[in-house]
Amino acid sequence: MYGNEAVVYGALLGGATHFFGYPITPASEISHAAAIYFPQVGKTFLQAESEVEAVNMIYGASAAGARAITASSGPGISLMQEGLSYIACAELPCVIVDVQRAGPGLGNIWPEQGDYNAVVKGGGHGNYKNVVLTPYSAQEMCDFTYEAFEIADRYRIAVFILTDAYIGQMMEPVRLPRDIKRCKRKEWALYADEKSRRNLISTIYMNPQLLAAQNRKLQEKYKQVEEELCAYEEYRTEDAQFIFIAFGICARICYSAVEQLRREDVRIGLFRPKTLFPFPARRLSELGRSVDKMMVVELNNGQMADDIALSVNCEKPVMKYNWMGGIVPSVVEIVGLVKEDICD
Amino acid sequence: MIEAKVKHVKPAVFYEEFFRKGTGQRNTHYCPGCGHGTAHKLVAEAVTDLGVQDRVVFCSSVGCSVFAYYYFDCCNIQCAHGRAPAVATGIRRVLRDAIIISYQGDGDLAAIGTGAIVHAANRGENITVFFVNNAIYGMTGGQMAPTTLVGQSTKTTPMKRSVESEGYPIGMAELLSSLKAPVFIERVSLGDIKRIFKARRVIRKAIENQVAGRGFSFVEILSPCPVNWKMGADNARRWLLENMEPVFPVQNFRDRADDSRPGRGNKVKEVSDEEYYDLFHIEEESSSCVMQTKHTVGTQSVKIAGFGGQGVLSAGVILAKAALYKGLNSTWLPSYGPEMRGGTANVGVIISSSKIGAPVVDRPDMLIAMNGPSLDAFEESVVKGGLIFVNKSLIKRKVAREDVRTVYVPATDIAKELGLVAAANVVILSIYALCSNVIDIDTLRKIIPEAIKKRNLISINLKAVEAGVSYYDKTRCEV
Ligand SMILES: Cc1ncc(C[n+]2csc(CCOP(=O)(O)OP(=O)(O)O)c2C)c(N)n1
Ligand code: SF4
């Protein structure tokens with residue numbers, strides 16, 4: 001099945017009850033599939049008038065205790081940032097899928113990873129973060145979305161599925177989970193009943209002391225998320241002299257590049273973050289001590305590479321391999337570049 | 001008379017004390033003479049009278065009424081500027097029995113939130129919207145609102161609002177009246193006691209409608225803002241009567257007990273695990289339909305390209321699924337979007353006995369070129385020693401390269417004879433199955449009924465497989 005379709009299965013099996021979306025290539029198939037499958041299992045699909053309203057419908061539905069999800073791409077994610085800031089402050093759980101396309105502006109519909117900063121750093125106003133999961137296969141599109149709802153509810157946080165046009169558009173076999181999750185009653189949510197009558201969902205704290213306290217509470221939560229959620233995968237890093245660091249489609253390409261370079265006796269491995277917030281800085285720092293060079297492959301202007309340089313304590317060079325505008329490098333191209341650079 | 005009595009009783013939905021101003025304080029945070037206090041009271045009375053306090057979710061907007069939750073003892077949610085109708089929609093779709101009230105100012109609803117209100121109304125969401133029109137931005141200190149009168153001076157129209165520069169004040173009740181779905185639209189005024197009594201009835205009716213499940217109700221409330229109008233409370237009320245009412249006629253625009261009941265959405269229901277398994281074909285871990293014998297093919301990259309409508313993408317699906325059936329891994333990645341509307345389509349399929357990394361086919365081991373432009377575009381990319389299938393019905397030239405193997409098949413002609421041009425690809429796939437060890441012809445026969453979505457096209461595609469077989473037998477095309 002399509003990566004985009006896998007998201008919808010993962011969502012429903014993960015207990016999603018509401019989908020609010022606005023069409024945009026290359027994320028539209030998620031809406032298409034949701035429009036079919038959500039009603040099929042008695043759940044709600046609604047097309048909003050824009051991403052601004054879609055994210056605010058999520059805000060309302062989540063406040064009312066639902067498991068709500070939306071999906072979009074660059075321009076739509078930009079429009080959602082206001083709502084996401086409110087969602088962060090009100091601590092509402094929800095899931096947002098960003099099938100990245102190339103920007104800035106309308107850009108084009110080819111894959112890019114230029115939304116990294118906007119998604120991983122929060123993106124809207126204020127001191128907040130989203131959990132960011134980054135799948136690299138149709139299977140993970142399903143699995144990560146499935147898990148995202150549990151994470152969102154556990155921490156009362158927005159969880160992003162940050163993926164790209166290729167992962168969304170490609171078809172691969174997917175095994176669906178059989179343990180079907182359900183949305184449970186939350187003691188803080190608005191159910192319009194006697195028990196929840198005094199509940200308030202708000203993002204306004206006129207008193208700076210109170211807002212400071214809310215901010216501290218959020219930061220504590222993010223710290224806890226960093227302790228508990230960090231996930232990554234390594235391939236042939238045990239004896240690696242060099243490592244690729246990549247996520248999404250780039251991790252797929254680097255995986256093939258590792259295979260090829262290993263055949264040519266280059267001791268190279270792949271480090272693939274599965275979570276971008278929390279960022280697997282600790283493990284990367286360890287690897288930074290044992291390898292000679294880190295090669296960060298991204299479809300953007302080096303946004304994750306900047307994070308690595310910042311968060312990874314090492315003197316080893318962090319090399320940036322970047323493509324923008326929707327250009328996706330071939331395995332051959334990357335292998336060529338790496339060979340040049342390791343000879344230096 | 002009865003109204004006069006109730007006026008002195010605190011509605012139950014109001015809190016005893018408003019915590020904002022310390023203990024014992026029973027005054028609101030609104031300025032003296034402000035219409036918000038009155039409007040709040042009317043809403044609170046209606047909720048109390050209708051006995052629905054426990055079912056209310058109050059959506060407060062950004063403006064002076066952002067603190068409405070100080071006063072209303074019910075579920076409260078504070079919404080981003082202008083977005084309350086979208087938030088209310090989200091809640092509506094979750095809580096079927098809730099009474100959802102959206103309370104918004106004129107900056108909130110008629111400026112930044114115009115899109116949200118128009119569409120919530122147009123969907124006929126079963127919610128009640130109270131729109132407090134005070135012809136100005138209160139909270140931010142008296143800037144122009146979309147409802148500011150021509151000739152009115154505000155902080156951002158210090159030379160007075162002019163038609164030339166800012167246009168006319170917007171009539172939201174009139175605007176929403178152009179929509180079909182709303183069941184109730186009325187404009188009321190807080191200009192004097194008589195009008196307030198009238199407003200009270202209208203506000204109650206608007207909530208009653210929702211309780212009865214009728215649909216979208218909208219009440220525009222002309223309301224004084226003495227502070228930003230820079231006048232006393234009495235003058236403000238007079239100014240409202242003399243200047244606002246002529247521009248914003250106080251009247252009913254719509255009152256319809258509708259049976260169509262839009263905005264209800266689909267039925268929400270609980271679905272058992274078994275139903276999920278059934279609907280989504282979720283199998284047990286063990287029951288896998290793939291063949292057990294894994295055979296090694298290394299990694300094969302295939303590119304299939306042609307006109308849209310030649311069945312290029314679905315041929316890719318068939319190939320990818322056939323590989324899965326044989327216990328191999330496969331990926332399928334199409335060209336997509338506007339490019340496809342230009343009439344060309346291509347898809348990359350990778351088949352491998354091991355895990356597949358990059359799903360992008362840059363250097364195909366095999367190319368199926370269904371038309372001239374496809375051969376032109378991809379001939380060069382094929383690996384040395386690779387294989388090119390040429391649809392010779394449509395491609396008149398030969399492959400120029402000498403370091404690749406080529407097979408020429410009049411695929412479109414064969415498919416035309418069968419009566420389905422789009423089956424041309426399947427003809428080629430079946431020849432590929434016969435002369436390669438990646439997939440085999442029986443797998444192809446088995447997978448086609450599964451891979452082709454349109455039921456009525458299955459048999460013709462199966463015939464295309466057999467046509468491919470007999471063409472292969474006849475010509476023994478050398479590969
Ligand atoms: C996105 C955004 N832009 C601007 C503001 C600032 N702001 C707060 S209230 C307001 C206008 C409120 O006016 P109105 O809706 O008429 O309500 P009133 O205060 O008159 O009751 C504005 C512009 C904001 N909160 N959010
Ligand atoms: S500024 Fe105007 S709208 Fe706001 S509380 Fe004062 S009088 Fe009311």
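The values are calculated or read from the model by the stated rules, or taken from the named source; none is laboratory data. This structure is a prediction, so every number in the text was calculated from the model and none was measured. Cβ placement follows ideal geometry from the backbone for every residue including glycine, while neighbour counts extend to all protein chains displayed. Each accessible area value is taken on the protein alone, full model and side chains, heavy atoms only, with ligands, DNA and RNA left out. Shrake-Rupley method; radii C 1.70, N 1.55, O 1.52, S 1.80 Å.
Things to note:
- Residue check, A:Lys223 outside any loop (DSSP other than H, G, I, E, B), assigned by TED's automatic domain parsing to the domain that holds A:Gly123 and under 27 Å from the mean Cα position of the chain (by Cα): yes
- Some residue of region B:212-219 being aliphatic (A, V, I, L, M), more than 16 Å from ligand 2 (Cβ to nearest atom), touching a residue at least 60 places away in the same chain (Cβ under 8 Å) and part of a strand (DSSP E or B): yes
- Top-ranked residue of region B:153-175 - restricted to ones that are under 21 Å from B:Val202 (Cβ atoms) and among the hydrophobic types (A, V, I, L, M, F, W, C), ranked as most open to solvent (accessible area, probe 1.4 Å): B:Leu175
- Cβ pairs under 6 Å, 6+ apart, first in region B:365-386 and in the same structural domain as B:Thr406 (by TED's automatic domain parsing), second among the hydroxyl-bearing types (Ser, Thr, Tyr): B:Asp365/B:Ser301
- Test: residue in region A:48-55 that is in contact with a Lys or Arg (Cβ under 6 Å, 6 or more places away or on another chain) and within 11 Å of chain B (Cβ to nearest Cβ): no
- Of the residues making up region A:188-218, those that are under 27 Å from the mean Cα position of the chain (by Cα) and either open to solvent by less than 80 Å² (accessible area, probe 1.4 Å) or within 27 Å of A:Ala11 (Cβ to Cβ) (or both) are A:Trp188, A:Ala189, A:Ile201, A:Ser202, A:Thr203, A:Gln214, A:Asn215, A:Leu218.
- Taken together, B:Ser178, B:Ser102 contain a single residue that is modelled with pLDDT of 95 or more and surrounded by fewer than 17 Cβ atoms within 10 Å (Cβ to Cβ), which is B:Ser178.
- If the condition is being assigned to a helix (DSSP H, G or I) and open to solvent by less than 10 Å² (accessible area, probe 1.4 Å), then region B:68-92 contributes B:Ala68, B:Ala84, B:Pro85, B:Ala86, B:Val87, B:Ala88, B:Thr89, B:Gly90, B:Ile91.
- B:Asn209 satisfies every condition listed in (1) of a type in the set (S, T, N, Q); (2) in contact with a Ser or Thr (Cβ under 7 Å, 6 or more places away or on another chain); (3) buried (at least 24 other Cβ atoms within 10 Å of the Cβ) except (3).
- B:Val62, sole failed condition from (1) within 15 Å of ligand 2 (Cβ to nearest atom); (2) more than 9 Å from chain A (Cβ to nearest Cβ); (3) over 18 Å from B:Leu175 (Cβ atoms): (2)
- Looking only at residues of region B:225-257 that are open to solvent by 60 Å² or more (accessible area, probe 1.4 Å), farther than 15 Å from B:Thr38 by Cβ and of a type in the set (D, E, K, R), we find that the one that is nearest to ligand 1 (Cβ to nearest atom) is B:Lys230.
Condition check ((1) buried (at least 20 other Cβ atoms within 10 Å of the Cβ); (2) among the hydroxyl-bearing types (Ser, Thr, Tyr)) across all residues:
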residue	(1), (2)
A:Leu276	yes, no
A:Pro280	yes, no
A:Arg289	no, no
A:Asp306	no, no
A:Ser311	no, yes
A:Glu315	no, no
A:Pro329	yes, no
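- Scanning region B:361-387 for residues that are more than 43 Å from the chain's Cα centre (by Cα) and crowded, with 18+ Cβ neighbours inside 10 Å turns up B:Gly386, B:Leu387.
- Of everything in region B:469-479 that is without any contact (Cβ under 8 Å) to a residue 40 or more places away in the chain and either among the β-branched types (Val, Ile, Thr) or in contact with a strand residue (DSSP E or B) (Cβ under 6 Å, 6 or more places away or on another chain) (or both), the residue that is least open to solvent (accessible area, probe 1.4 Å) is B:Val469.
- When every residue of region B:414-424 is checked against the conditions, none turns out to be within 29 Å of B:Thr296 (Cβ to Cβ) and in the same structural domain as B:Ala315 (by TED's automatic domain parsing).
- Test: residue in region B:113-132 that is under 16 Å from B:Glu220 (Cβ atoms), open to solvent by 10 Å² or more (accessible area, probe 1.4 Å), more than 14 Å from chain A (Cβ to nearest Cβ) and within 14 Å of ligand 1 (Cβ to nearest atom): no
- Selection status of B:Arg55, surrounded by 20 or more Cβ atoms within 10 Å (Cβ to Cβ), within 10 Å of ligand 1 (Cβ to nearest atom) and within 10 Å of another protein chain (Cβ to nearest Cβ): no
- Flag set for B:Leu324, criterion: at pLDDT 90 or above, open to solvent by 40 Å² or more (accessible area, probe 1.4 Å), closer than 23 Å to B:Ala464 by Cα and among the aliphatic types (A, V, I, L, M).
- Flag for B:Val150 being in contact with a Pro (Cβ under 8 Å, 6 or more places away or on another chain) and surrounded by fewer than 20 Cβ atoms within 10 Å (Cβ to Cβ): yes
- Residue match in region B:69-81 (condition: within 16 Å of ligand 1 (Cβ to nearest atom), over 17 Å from A:Arg197 (Cα atoms) and among the hydrophobic types (A, V, I, L, M, F, W, C)): yes
- Where strands (runs of 3 or more DSSP E) fall entirely within region A:271-344, those with at least 1 residues that are under 19 Å from A:Val225 (Cβ atoms) are at A:275-277.
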